[in-house]
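Novice: This is the structure I have questions about; it appears just below.
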Amino acid sequence: MSHLLEEVFVHLSQQIELLSIEDALNTLSLFANDKLTFSTSFSNEDQVLTDILVRSNTPVNIFTLDTGRLFEETYDTWHRTKVHYNIQIKAFFPEAGEVSSFLQQHGPNSFYESVDLRKECCSIRKILPLGNALKGQLVWITGLRAEHSLNRTDLKRLEWDEVNQIIKFNPLVHWTTEDVKEYILANKVPFNPLTEKGFVSIGCAPCTRAINTGEDFRAGRWWWEENSKKECGLHINPKK
């Protein structure tokens with residue numbers, strides 16, 4: 001981060017520290033102009049943020065990553081969300097050649113064989129498309145919460161994403177799972193029906209299962225991996 005950008009980042013952090021989500025969004029929108037973007041996976045958190053963004057009339061670019069292996073319920077939630085809010089949601093896809101080469105060399109379900117192959121698949125289907133989605137943007141809004149996993153306990157409301165060279169805003173960082181559920185019910189927000197079947201963190205269909213009582217929030221992701229951080233790389237802090 002350049003010295004000038006660091007000064008801007010510190011100033012923004014101080015400005016929004018005690019603001020409501022709506023007021024913080026307004027401040028960041030004025031700063032970013034038309035370069036404020038929001039990534040949705042149609043998780044409960046992202047559905048809450050979609051509702052807040054629409055209600056507050058925040059001018060924002062909304063996008064999603066279509067890996068090609070999402071649950072049918074996720075595609076249905078995507079459609080219902082678009083219709084319910086009458087919004088545009090831009091889809092970013094993996095490069096066909098990259099997917100074809102990976103499948104030809106390793107097979108369609110090789111991600112079960114090793115962490116390295118799983119990470120390569122995530123890179124092709126998620127990380128590279130994310131990079132394309134964030135190009136030219138100044139502020140990236142996410143639905144990350146500190147409660148999600150041990151890897152996210154030190155999340156801050158406003159962060160600098162070194163990998164993507166972008167300011168990241170995590171407005172729900174201190175919300176609990178109950179806070180999210182209560183907002184969805186109170187505001188009649190469309191949600192993925194899988195969340196009522198034990199799927200609390202939903203990614204690609206082959207890589208996600210429902211969790212059991214007492215399991216960690218991320219236990220249903222890449223459950224066959226015994227010694228991994230349960231992250232695909234979208235929100236990795238390289239300093240950790």
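Novice: When both residues are 6+ apart or on different chains and their Cβ atoms are under 6 Å apart, which pairs have a first residue that lies in region 91-118 and is in a helix (DSSP H, G or I), and a second that is among the hydroxyl-bearing types (Ser, Thr, Tyr) and loosely packed, with under 14 Cβ neighbours inside 10 Å?
Specialist: VAL115/SER228
Novice: Name the pairs: first residue in region 170-184 and under 20 Å from TRP160 (Cα atoms), second residue among the polar types (S, T, N, Q), Cβ to Cβ under 7 Å, at least 6 apart or on different chains?
Specialist: Filtered contacts from region 170-184: ASN170/THR142.
Novice: Which condition does PRO190 not pass, out of (1) under 18 Å from the mean Cα position of the chain (by Cα); (2) loosely packed, with under 15 Cβ neighbours inside 10 Å, if it passes all the others?
Specialist: Here PRO190 meets the rest and fails (2).
Novice: Condition test on VAL180, is it among the β-branched types (Val, Ile, Thr) and in a helix (DSSP H, G or I)?
Specialist: Here the answer is yes, as VAL180 does meet what is asked.
Novice: Of all residues in region 15-48, which are part of a helix (DSSP H, G or I) and of a type in the set (A, V, I, L, M, F, W, C)?
Specialist: ILE16, ILE21, ALA24, LEU25, LEU28, LEU30, PHE31, ALA32, VAL48
Novice: Please specify each residue of region 57-68 satisfying the condition of being surrounded by fewer than 17 Cβ atoms within 10 Å (Cβ to Cβ) and either of a type in the set (Lys, Arg) or closer than 20 Å to ASP23 by Cβ (or both).
Specialist: The answer is ASN57, PRO59.
Novice: OK, next. Select from region 6-48 the residues that are surrounded by fewer than 13 Cβ atoms within 10 Å (Cβ to Cβ) and not β-branched (Val, Ile, Thr) and list them in ascending order.
Specialist: Matches in region 6-48: GLU6, GLU7, HIS11, GLN14, GLU17, LEU18, SER20, LEU30, ASN33, ASP34.
Novice: Moving to a separate point now. Looking only at region 7-32, filter to residues that are in contact (Cβ under 8 Å) with a residue 60 or more places away in the chain and not hydrophobic (A, V, I, L, M, F, W, C); which one of those is farthest from ILE167 (Cα to Cα)?
Specialist: Ranking the qualifying residues of region 7-32, first place goes to GLU17.
Read-outs: derived from the displayed coordinates by stated rules, not from any lab. Quantities reported herein were computed from a predicted structural model and do not represent experimental measurements. For neighbour counting, all protein chains shown are included, and Cβ atoms are generated from backbone atoms with ideal geometry for every residue, glycine included.
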